[in-house]
1. Which one of these does residue 124 not meet: (1) open to solvent by 40 Å² or more (accessible area, probe 1.4 Å); (2) out of contact with any His (no Cβ under 6 Å at 6 or more places or on another chain)?
2. Just to be sure before I move on: is residue 306 of a type in the set (S, T, N, Q) and assigned to a helix (DSSP H, G or I) in the structure I sent?
3. Please specify each residue of segment 272-293 satisfying the condition of being under 19 Å from residue 306 (Cα atoms) and either open to solvent by less than 20 Å² (accessible area, probe 1.4 Å) or assigned to a strand (DSSP E or B) (or both).
4. Can you tell me which condition residue 322 does not meet? The list is (1) open to solvent by less than 40 Å² (accessible area, probe 1.4 Å); (2) in contact (Cβ under 8 Å) with a residue 24 or more places away in the chain, and all the others hold.
5. Restricting the search to segment 35-54, which residues are in a helix (DSSP H, G or I) and surrounded by fewer than 17 Cβ atoms within 10 Å (Cβ to Cβ)?
6. Restricting to segment 216-240, count the residues that are under 30 Å from residue 150 (Cα atoms), in a strand (DSSP E or B) and either touching a Ser or Thr at 6+ places or on another chain (Cβ under 9 Å) or open to solvent by 10 Å² or more (accessible area, probe 1.4 Å) (or both).
7. Restricting attention to segment 241-254, does a residue exist that is in a strand (DSSP E or B) and either more than 18 Å from residue 154 (Cβ to Cβ) or at pLDDT 90 or above (or both)?
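The values are calculated or read from the model by the stated rules, or taken from the named source; none is laboratory data. For clarity, every value in this text was computed on a predicted model and none was experimentally measured. Note: ideal-geometry Cβ built from the backbone for every residue, glycine included; neighbour counts use all protein chains shown. When the accessible area is computed, the model is the full protein with side chains, heavy atoms only, and any ligands, DNA or RNA have been set aside. Shrake-Rupley method; radii C 1.70, N 1.55, O 1.52, S 1.80 Å.
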Amino acid sequence: MENSVFLPFELIIEILLRLPVKPLLRFRCVSKSWLSLISSNTFATSHFEHAATHRRFFIKRSALQPLSIDVDSSFHDASACASLSLDFIRSQRCIEIRGCFRGFLYFNNDTHIYLLNPSTGVFKQIPDFPIILNDGFELLSGFVYYQPTDDYLIVSGFCEYVDALVTSPMKLMIFSLRADKWKPIEVASHLPYRETSVAEFTPKCGLFLNGSIHWMVHNYETSKNVIIAFDIKEMTISEIALPDDFIFSYSREYSIYYDLLEVGGLINAWVKDLNTVKIWVMQKYGVHSSWTKIIQFSLCPVLHKSLDIVCLTKCGDIVGTNNKLGLVKLNDKGQLLESRLLDTYPLVVYTESLFSLPNTGQT
């Protein structure tokens, strides 16, 4: 008779914590103890912390199931790509992703707003934005998890037109998932912000870091592009100056792309200006003198018309989208490493998670 192998439950937990979400969802059927373990918030939190370096692209494809691709693998590695069985998303004709946090996507279609965990399929429709923007537009959107109250929060910044060319100062509203309602944010300071001088009227997704949501905007009183930081706890806004040489050179021939990235817990600012890409990192949060340019290169001819940077890989390669080639990967010298022709709008980077939504009657 062969000896049976016994694994301590603590070791089983350590093994399970290192597995992707998909097999874990299947393993809930193994036993009641496994179901209880994998379904617990404690396990979900530990699993997310283990998986935090394993990021994936979420790509909504027309008439097809969404595609998920491992950020740090080859775009053509079949084992790193997976079609997500999300009929709910597939049926949406057009969606706009406005934020991502703890594995959840915050997006809207033509009529409603949703939260979705693409790893588990959990989704929830949330109340529509209470102000109809017939005479204005949404400028900023931010989506975060606020641990002190175990709540998911959405922040929206919007402007209203005074006349055909002039908008009012930006106003803010916040949505609490626990309260299930929107409310205005009263801030002490005047908010003279609008889209940067080269932006289209699409909401910019905020970058959450150091307890604040960050956006790159234009201060029309100082005529400068700046970063604004909205402190979730204090409900206040402050400005962070961009690098002194962060300058756009407008051209009818070249599209200009720019935004913020979080890399290793630090804010990075980037711009694709004419045919040149530049990336800066703020080595010490809030200290202007700590801005350091870490990357600058000229794009190869096939890319010079467009490059929208999405993220950096673990090894420092740059991943973005291009109008001709779809998803592209470049090294820090600007050499094209690989590309994959995909309909890459919308595209977002997310981390797989087992998290559910707190007390919401989720679907």
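1. The single condition residue 124 does not satisfy is (1).
2. no
3. 272, 273, 276, 277, 278, 279
4. The failed condition is (2).
5. Answer for segment 35-54, where residues must be in a helix (DSSP H, G or I) and surrounded by fewer than 17 Cβ atoms within 10 Å (Cβ to Cβ): 35, 36, 39, 41, 42, 45, 46, 49, 50.
6. Looking only at that region, the number is 11.
7. yes
Conditions (1) at pLDDT below 90; (2) under 29 Å from residue 60 (Cβ atoms), marked per residue:
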residue	(1), (2)
108	yes, yes
111	yes, yes
119	no, yes
130	yes, yes
143	no, yes
158	yes, yes
165	yes, no
213	no, yes
